[in-house]
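S.K.: I have a structure here, written as structure tokens, and I will follow up with some questions on it.
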Amino acid sequence: MQKEGKPLNPIKLEADISQMKLDKKKLFFNRLKRRVLKHTWVLRSFFLAGVILILYLVILSSARYIGRTNVGYYFALTRDFIFTPEGKITSQEGRTNILILGKGGEGHEAPDLTDTIIFASINHKKPSIDLISLPRDIWITDLRTKLNSVYYWGNKKQSDGGIVLAKASVEEIVGQPVHYALLVDFSGFKKIIDVLSGIEVEVERSFVDEKYPIAGRENDLCDGDPGYKCRYETIAFEKGTQHMDGETALKFVRSRNAEGDEGTDFARAERQQRILSAIKNKALSREIIFSPRKLLELKKAVEDAIETDIGSGAGAILARRSLSARDSIQSYVLPEDFLERPVYSPIYDNLYVFIPKNEDWSEIHEWVKNILI
């Protein structure tokens, strides 16, 4: 005769089920965190793309013609922002595509390499924006260089050739027209912050970086010092709200050698988000918006930090479309399944590069097309 089992305790059973659910949720978020940490550069790029669009398409467009005596022209600009006449912007099948590039600028090891490369598509039929991040190491065979170097070599060939060549290269990869381009020099944010008379930043954790590189001393031999200590300075930030000028903010976001959690790429990305969010908040504050003098100064600083072929009228229209789509932004990363990394070879100048798996971009063209449907 089979021994009768011990009766179940319903309270304990319910507790066990709840614990199992918590463990399952914890496992899911741990996996998600690992994926996020693995691709922090992607998240940073998407955030930067959003801030770039806000700074240029909203602030610059609204401030661009303040001080002009041509009231009629300024009225037309305002009218374009409100009514967004589609005939004044370049588009295809209801979409306007913008190539967003970000370079390190002055004080960066490679100031003219565009390590941020994002194909942005604004949908005019239903307010939405699709952002597709492209790997900087894609090999461009015809130019014999990597994608992040195309802007640099384009400018070497002719004045303003960088944006033209970058647009053509990205068109080849994604199989879609690139109507406009927008490049931001991140070192230019220093001047923008100073124009805003500084920003208020919440420092989440105190940290010290004893190896912050000093601009201009990258090749200093330091009188034979094997540690090259003269190339670096020590910077420190205390937890709490701090008022930062441009120089301080730039050090805050660029620091990468702090000990502990603040030395990670993830922490650096968070600091960049705090700085850029603070810039946006201050730029749209009453102190700035209601000061024509400040707006003119901000206009100049933003223009100095940004290179684009978007005209003022198109900028006003795209600003309005971007604001309408701000709650419907989808972000994608070009899947590495479509790419392969060849062995180091003189064919690729012995560089780490990606090439298309099937020797052409047709699979990527189809993938992008399906996103934009």
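The values are calculated or read from the model by the stated rules, or taken from the named source; none is laboratory data. Remember, it's a predicted structure, so these values are computed and weren't measured experimentally. Neighbour counts run over all protein chains shown; Cβ positions are idealised from the backbone, glycine included.
S.K.: Does residue 197 satisfy the criteria of being under 26 Å from residue 230 (Cβ atoms) and surrounded by fewer than 21 Cβ atoms within 10 Å (Cβ to Cβ)?
M.R.: no
S.K.: Output the number of the condition that residue 253 fails; it satisfies all remaining conditions of (1) assigned to a helix (DSSP H, G or I); (2) more than 25 Å from the chain's Cα centre (by Cα); (3) β-branched (Val, Ile, Thr).
M.R.: Only one criterion in (1) assigned to a helix (DSSP H, G or I); (2) more than 25 Å from the chain's Cα centre (by Cα); (3) β-branched (Val, Ile, Thr) is unmet by residue 253, namely (2).
S.K.: Where the second residue is in a loop (DSSP other than H, G, I, E, B) and acidic (Asp, Glu) and the first is under 16 Å from residue 147 (Cα atoms) and modelled with pLDDT under 90 and lies in the stretch 338-363, which pairs have Cβ atoms under 7 Å and are six or more apart or on separate chains?
M.R.: The qualifying pairs are 352/137.
S.K.: While we're on this one: Can you go through 303, 247, 262, 287 and tell me which one is surrounded by 15 or more Cβ atoms within 10 Å (Cβ to Cβ), out of contact with any strand residue (DSSP E or B) (no Cβ under 7 Å at 6 or more places or on another chain) and assigned to a helix (DSSP H, G or I)?
M.R.: 303
S.K.: Let me ask another. Just need a number here: residues in the stretch 229-252 that are more than 24 Å from residue 271 (Cα to Cα) and out of contact with any Asp or Glu (no Cβ under 7 Å at 6 or more places or on another chain).
M.R.: Residues that pass the stated criteria total 1.
S.K.: Working carefully through the options 171, 233, 200, find the one that is modelled with pLDDT of 90 or more and in the same structural domain as residue 111 (by TED's automatic domain parsing).
M.R.: Criteria check complete, one pass: 171.
S.K.: Please go through the stretch 100-158 and pick out each residue that is part of a loop (DSSP other than H, G, I, E, B) and within 26 Å of residue 329 (Cα to Cα).
M.R.: 104, 124, 125, 126, 127, 134, 135, 136, 137
S.K.: Just to be sure I understand, how many residues within the stretch 316-341 are under 19 Å from the mean Cα position of the chain (by Cα) and within 22 Å of residue 127 (Cβ to Cβ)?
M.R.: Here the count works out to 12.
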